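The values are calculated or read from the model by the stated rules, or taken from the named source; none is laboratory data. The structure displayed is predicted, hence computed values, not measured ones. Cβ coordinates were reconstructed from backbone atoms using ideal geometry, including for glycine residues, and neighbour counts include every protein chain displayed.
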Amino acid sequence: MKLLRSELISEFNHKLFDMSARDLPDRGTVFSDNSILCELSVKIVQFGFQISGELKVTPAYECVRCLESSSDQLTLPFKLWLTAIKEKPAEDQDLIYFPDSQDHFEMNEPIADIISLAEPINPVCNKRCKGLCPNCGTNLNQASCDCILDEQNNPWDALKNFKPE
Ligand SMILES: [Zn+2]
Ligand SMILES: [Zn+2]
């Protein structure tokens, strides 16, 4: 998604953009719905432009317990700044170099980053997800199994027989 410099200079508020997840650079995110709705506002600030807004995206995450894919629409607010000043503090990720010679700004890179940063470290389909049976692999959310898990096989049980002298 390109924003022309002329669009930035004329500023705008709460403008809606439709885009496709297929146009984004690959950050490993899986989408269950490729349509992304983006609401943007642009403001001229002292050192460049401020772009703020919200993304509505539907990524699919694999549950770490049952391995099923689950998806919810997420609303991700964001704010970033474009500046033609090159000496920027390196650790400031939200400040993007935008030289005066560039006639447009490509939003796809920062948008892919925002979505990828929103991914949970250990996604679960549901807080109460029962996961898979460690013995037969049945998804315990959908069915039960007859496995009797052998407590004897618990490696920690060995500690119960341990008697210090
Ligand atoms: Zn699950
Ligand atoms: Zn089982």
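Among the residues of the range 45-60, what is the count of those that are touching a residue at least 12 places away in the same chain (Cβ under 8 Å) and farther than 18 Å from Ile111 by Cβ? Even if it seems obvious, please write down each step before you answer.
The first filter runs over the range 45-60 and keeps only residues touching a residue at least 12 places away in the same chain (Cβ under 8 Å), leaving 45, 47-60.
Subsequent filtering for residues that are farther than 18 Å from Ile111 by Cβ retains 45, 47-48.
Counting residues in the range 45-60 that are touching a residue at least 12 places away in the same chain (Cβ under 8 Å) and farther than 18 Å from Ile111 by Cβ gives 3.
For (1) of a type in the set (A, V, I, L, M); (2) buried (at least 17 other Cβ atoms within 10 Å of the Cβ); (3) on the phi > 0 side of the Ramachandran plot, each residue gets a yes or a no:
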{"residue": "Val30", "(1), (2), (3)": "yes, no, no"}
{"residue": "Cys38", "(1), (2), (3)": "no, yes, no"}
{"residue": "Glu62", "(1), (2), (3)": "no, no, no"}
{"residue": "Cys66", "(1), (2), (3)": "no, yes, no"}
**OP:** Please enumerate the residues belonging to the range 21-40 that are of a type in the set (Gly, Ala, Ser) and farther than 16 Å from Thr75 by Cα.
**Re:** Gly28
Original post:
Residue check, Glu68 against (1) of a type outside the set (Gly, Ala, Ser); (2) within 16 Å of ligand 1 (Cβ to nearest atom); (3) closer than 18 Å to Ile51 by Cα, all met but one. Which one?
Top reply: (3)
**OP:** Could you check how many residues of the range 108-140 are more than 9 Å from ligand 1 (Cβ to nearest atom), of a type in the set (Gly, Ala, Ser) and in contact (Cβ under 8 Å) with a residue 12 or more places away in the chain?
**Re:** 3
**OP:** Working only within the range 96-125, note down all residues that are more than 30 Å from Leu3 (Cβ to Cβ) and out of contact with any Cys (no Cβ under 8 Å at 6 or more places or on another chain).
**Re:** Ile121, Asn122
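Looking only at residues in the range 99-117 that are surrounded by 15 or more Cβ atoms within 10 Å (Cβ to Cβ) and not β-branched (Val, Ile, Thr), which one is nearest to ligand 2 (Cβ to nearest atom)?
Step one: list which residues in the range 99-117 are surrounded by 15 or more Cβ atoms within 10 Å (Cβ to Cβ), which gives 105, 107, 110-116.
From what's left, not β-branched (Val, Ile, Thr): 105, 107, 110, 112-113, 116.
On the way: Phe105: 54, Met107: 48, Pro110: 46, Ala112: 40, Asp113: 41, Ser116: 35 Å.
It comes out as Ser116.
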Original post:
So, of the residues in the range 83-105 that are at pLDDT 95 or above and part of a strand (DSSP E or B), which turns out to be nearest to ligand 1 (Cβ to nearest atom)?
Top reply: Phe105
